[in-house]
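The values are calculated or read from the model by the stated rules, or taken from the named source; none is laboratory data. All figures in this text were calculated on a predicted structure; none of them were measured in a lab. Glycine gets a Cβ as well: all are built from the backbone with ideal geometry, and neighbour counts include every protein chain shown. These accessible areas exclude ligands, DNA and RNA; they are computed on the full protein's heavy atoms, side chains included. Shrake-Rupley method; radii C 1.70, N 1.55, O 1.52, S 1.80 Å.
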Amino acid sequence: MRHRLVKLLGSAAPWLMGVVNVTPDSFSDGGRHLTPDAAVAQGRRLVADGAHLLDLGGESTAPGSRPITSDDELARLEPVVRALAGEAVLSIDTYHAATAERCVTLGAAVVNDVSALRADPSMAAVIRDLRPVLVIMHAKDGPLPHATDRPAHYRDVVRDVADWLSGRIDVALAAGIDADQIVVDPGWGKFLSLEPAHSWEVLARFEELVARLTPIPVLVGTSRKGFLGGRLAERDPISQFTALAAVEKGAAVIRTHDVRMAAEFLDAAERMARPLPARRAYG
């Protein structure tokens, strides 16, 4: 299957997705890029650092966050999308169908729905009709995707997450979305579990997850997550190490706040002839 990301990004996997949080309450940057000018400048920096695409988010779904309306979300996102649509491939991190529809109409090419089509019944039709790439994320909570302190219980975390994602893929396919539009994300940190060991186990067995979901590309989004431990400001190196470990086991997309460091890790891996399975699968 030739995935749409290959044509859209014009390069072989793995691909770097730079995060731009246009929010006042993001866990990772606390409103630093809330104004349109700041968000646009950050997006341009990430592209210069090597981002293949940008993931623009107007609502935090981190623990303790609250839902906002699509109108409020669009007020934050629309000027940023308008400014960057001609300069970069844009992903919109939203579970609101109206937000997705407007932003794709303005030029965005990817919708990152962390609710996995559960929060808004209209989202599947928007994806079917406008044909953006769709990222489907596993989360223990739902249908709203905001992470909570609710425990999660898994018989086998890798198999259970893979089965859950396979079920959501089936929902997307039944709604008329093509398989070559879909990317999946196992979720990390409190989206996955309150127990850091679950996230570490998914990383340790990532090749099993990829094998169970093939040929759908898998995204790794460990960047700055709490399960990594330590102070938030010091998590970027271990974020890139864990992402690289996942890439060496088949991950196709790295979602990261520090694109430059991620690119340096990938470059070092290539110089050492480390395996990058997604390059063969999505070349």
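A few remarks follow.
- With the convex hull drawn over the C-alpha atoms of region 174-264, the volume per residue is 108 Å³.
- Accessible surface of the chain, 1.4 Å probe, proportion on carbon and sulfur as whole %: 52
- With all projection directions averaged, the alpha carbon convex hull of region 80-125 covers 2.9 nm².
- 5 Å-binned pair-distance histogram of the chain (Cα, whole percent): 1, 6, 13, 18, 21, 19, 14, 6, 1, 0
- Point-to-point label distance, VAL171-ARG212, nm (Cα→Cβ direction, 7 Å offset): 1.8
- Calculation over all alpha carbon pairs of region 162-203 in 10 angstrom steps from 0 returns a P(r) of 27, 42, 25, 7 percent.
- Measuring nothing but how far apart in sequence close Cα pairs (under 8 Å, 6+ apart) lie, relative to its length, region 193-283 scores a relative contact order of 28 percent.
- Solvent exposure of the chain as accessible area per residue, Å², 1.4 Å probe: 40
- Inter-label distance, nm, simple model (7 Å from Cα along the C-beta direction), ALA48/GLU87: 0.9
- Evaluated over the Cα positions of region 92-249, the convex hull gives a direction-averaged projected area, one quarter of its surface, of 9.1 nm².
- Database remark: amide H of GLY250 closer than 5 angstrom to the amide H of ALA278 (H placed geometrically; neighbours at sequence offset of 5 or more, or on other chains; Pro and chain starts carry no H).
- When the alpha carbon gyration tensor of region 1-114 is reduced to an equivalent ellipsoid, the three semi-axes, largest first, read 22, 16, 14 Å.
- Here the relative contact order of the chain, from alpha carbon pairs under 8 Å that lie six or more residues apart, stands at 19 percent.
- Rg/Rg_globular for region 64-106, with Rg_globular taken as 2.2 N^0.38 Å and Rg from C-alpha atoms: 1.15
- With only the Cα atoms considered, region 42-94 has a convex hull volume of 82 Å³ per residue.
- Per-residue [θ]222 nm for the chain (sum of -39500 (n - 2.57) over DSSP H runs n ≥ 4, rounded to 500): -12500 deg cm²/dmol
- Cross-link partners of LYS140 among aspartates and glutamates (Cα-Cα below 19 Å; sequence separation of 8 or more within a chain): GLU59, ASP93, ASP113, ASP120, ASP149, ASP156, ASP160, ASP163, ASP170, ASP185, GLU195, GLU201
- When the inverse distances between all different Cα atoms of region 188-235 are averaged and flipped, the Kirkwood radius reads 11.6 angstrom.
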